[in-house]
Amino acid sequence: MDLIIADTSPLIFLSKLALLETVCTNFRLITTETVFCEATRKKDLPDSKYIARLKEDGKITIQYINAVSIKKYSDEWKFGQGEASAFALVQNTGGVLLVDDFAAIRCARALDIKYITTPVLIYTLSERNILTQVQARDKLLVLKEYSWISQEILDVVVSWFQ
């Protein structure tokens, strides 16, 4: 899982958790221009500034995806432009798709695309001794408070630490 292709929500969630730089340091993180624009649309927010700084520092790579490739996924799977571009990028480059949306996860399964969710990525950071189990569990509990990720999914991942 050296190459991660990120969708918008995971970028924002990892930013809020102060884990995005950790992920960038330990994995090769690429996203699309469309996802980057979605994640940094509200330029005055701290998360947006943090994501933009990581791009400026070369820790997040931005790749352009042509409109035809994006349209394929937005039409066929009814995705927004960000998710559609992330799917097009992972199809072009391989790697693992970082996504939290249930419809996108179903699509990844249907297309046999490797994917990981934000909670499982946090768990993976602890498994690789990048975070302690206590740190990872605490981050998951914070994520549980403000994200729209299924509480059941978060509860399952948190239970892996017990």
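The values are calculated or read from the model by the stated rules, or taken from the named source; none is laboratory data. Because the structure is a prediction, the values reported are computed rather than measured. Positions of Cβ are backbone-derived with ideal geometry, glycine not excepted, and every protein chain shown enters the neighbour counts.
Within the stretch 21-28, is even one residue in contact with a Ser or Thr (Cβ under 7 Å, 6 or more places away or on another chain) and either surrounded by 20 or more Cβ atoms within 10 Å (Cβ to Cβ) or assigned to a helix (DSSP H, G or I) (or both)? Checking the stretch 21-28: not a single residue is in contact with a Ser or Thr (Cβ under 7 Å, 6 or more places away or on another chain) and either surrounded by 20 or more Cβ atoms within 10 Å (Cβ to Cβ) or assigned to a helix (DSSP H, G or I) (or both). Answer yes or no: is there a residue in the stretch 132-148 that is in contact (Cβ under 8 Å) with a residue 60 or more places away in the chain and part of a strand (DSSP E or B). Checking the stretch 132-148: not a single residue is in contact (Cβ under 8 Å) with a residue 60 or more places away in the chain and part of a strand (DSSP E or B). Quick check: is even one residue across the stretch 118-125 at pLDDT 95 or above, within 20 Å of F87 (Cβ to Cβ) and not hydrophobic (A, V, I, L, M, F, W, C)? Yes, the conditions are met somewhere in the stretch 118-125. Is it the case that the stretch 108-117 has a residue that's at pLDDT below 95, part of a helix (DSSP H, G or I) and either among the acidic types (D, E) or closer than 25 Å to K144 by Cα (or both)? No, there is no match, as no residue in the stretch 108-117 is at pLDDT below 95, part of a helix (DSSP H, G or I) and either among the acidic types (D, E) or closer than 25 Å to K144 by Cα (or both).
For the stretch 42-88, filtering for residues that are assigned to a helix (DSSP H, G or I), surrounded by fewer than 20 Cβ atoms within 10 Å (Cβ to Cβ) and polar (S, T, N, Q) leaves 4. Would a scan of the stretch 108-123 turn up a residue that is touching a Ser or Thr at 6+ places or on another chain (Cβ under 9 Å), free of Cβ contacts under 8 Å to residues at least 60 places away in the same chain and among the polar types (S, T, N, Q)? So far as the stretch 108-123 goes, no, none of its residues is touching a Ser or Thr at 6+ places or on another chain (Cβ under 9 Å), free of Cβ contacts under 8 Å to residues at least 60 places away in the same chain and among the polar types (S, T, N, Q). Scanning the stretch 118-131 for residues that are within 14 Å of L14 (Cα to Cα), assigned to a helix (DSSP H, G or I) and not β-branched (V, I, T) yields P119, L121, Y123, L125. What about A39, is it at pLDDT 95 or above, within 17 Å of L143 (Cβ to Cβ), of a type in the set (A, V, I, L, M) and loosely packed, with under 14 Cβ neighbours inside 10 Å? No: the conditions fail for A39.
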